[in-house]
Amino acid sequence: VHKVPMIAGQGAKYIASALAAYKKGERKHPTMRGIAASLSDQDVADLAAFYEQLGRSSVVTVADTPAVAPSGEVAALLTKGACASCHGANFNKPIDGAYPKLAGQHADYLYVALKAYQTEGNPTLGRSNALMVGQAKQYKHSELRAIAKYISSLPGDLKTVPQSKFR
């Protein structure tokens with residue numbers, strides 16, 4: 001069991017891409033697939049825009065919080081996978097909007113997501129993005145956990161937005 005991902009502040013293009021992957025079965029999470037399958041293209045666009053704008057209301061900006069440099073071991077793991085080449089040097093500004101912001105995401109969620117790219121032949125678990133499958137397969141689980149722990153410690157735009165109990 002892991003925390004659900006923080007999506008407030010995530011890019012709209014990424015959210016739409018993730019929902020499309022659930023809908024197609026490229027991301028194998030039964031609940032999310034059921035939700036995504038019920039959404040129209042307009043629903044997806046509206047949800048993506050809504051969650052992207054939730055990250056813009058933050059008073060403290062990422063630039064205000066310095067990132068802690070990774071340890072030598074983690075730096076080597078990040079270099080081995082060339083992670084920053086897609087997700088950005090600070091893991092908060094991906095080179096393409098279809099890639100997720102990772103900085104500040106829950107460590108347990110990042111770890112489970114990375115492990116999902118290593119899962120093959122399971123009808124209810126796994127992710128099939130070819131680029132990430134190739135990247136994740138080169139790591140041991142302990143290395144994925146170290147990467148996830150470091151990236152979760154970075155300042156980023158992702159957040160959880162509390163909802164009123166009295167909606």
**Reachable aspartates and glutamates from Lys24, criterion Cα separation under 20 angstrom, eight or more residues apart if same chain** = Asp41, Asp43, Asp46, Glu120
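Within 14 Å, Cβ to Cβ, of Val74, how many net charges do the neighbouring residues add up to if Lys/Arg are +1 and Asp/Glu are -1?
Values: positive: Lys80, Lys140, Arg145, Lys149; negative: Glu73, Glu143.
Residues close to Val74 contribute a combined charge of +2.
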**Prompt:** How would you rank 6-17, 154-165, highest first, on the average number of other Cβ atoms within 10 Å across their residues?
**Reply:** 6-17, 154-165
**Request:** Lys and Arg at +1, Asp and Glu at -1: add these up for the other residues within a Cβ distance under 11 Å of Asp157 and post the number.
**Result:** +3
**Cα coordinate range in the chain, projected on the principal axes (Å, largest first)** = 46, 44, 29
**Request:** Take Val1, Val112 and sort them by solvent-accessible surface of the protein heavy atoms, 1.4 Å probe, largest at the top.
**Result:** Val1, Val112
**Prompt:** What residue among Ala37, Ala69, Ala82 shows peak mean-square fluctuation when the chain is described by a Gaussian network model with Cα springs under 10 Å?
**Reply:** Ala69
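Count the lysine pairs in the range 111-167 that are 8 or more places apart or on different chains: how many have C-alpha atoms under 20 angstrom apart? Before the final figure, lay out each step's value.
Working: Lys115/Lys137; Lys115/Lys140; Lys115/Lys149; Lys137/Lys149; Lys140/Lys149; Lys149/Lys159.
For the range 111-167, the number of qualifying lysine pairs is 6.
Restricting to Cα pairs below 8 Å that are 6+ residues apart, what does the relative contact order work out to for the chain? Please round to a whole percent.
Working: 232 pairs, mean separation 54.7, N = 167.
Across the chain, relative contact order equals 33 percent.
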**Message:** Can you find, among Leu114, Gly97, Val74, the residue sitting farthest towards the positive end of the charge dipole of the chain, where Lys and Arg contribute +1 and Asp and Glu -1 at Cβ?
**Reply:** Leu114
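Only Lys, Arg, Asp and Glu count, each charged at its Cβ (+1, +1, -1, -1), so figure out the dipole size of the chain about its Cα centre, rounded to 20 debye.
Values: 20 positive and 12 negative charges, 75 e Å.
For this selection, approximately 360 debye.
The values are calculated or read from the model by the stated rules, or taken from the named source; none is laboratory data. Please read all numbers here as calculations on a predicted model, not as lab measurements. Neighbour counts are summed over all protein chains in view; Cβ atoms, including those assigned to glycine, are modelled from backbone coordinates with ideal geometry. In case anyone asks, the SASA skips ligands and DNA or RNA and just uses the protein heavy atoms, side chains included. Shrake-Rupley method; radii C 1.70, N 1.55, O 1.52, S 1.80 Å.
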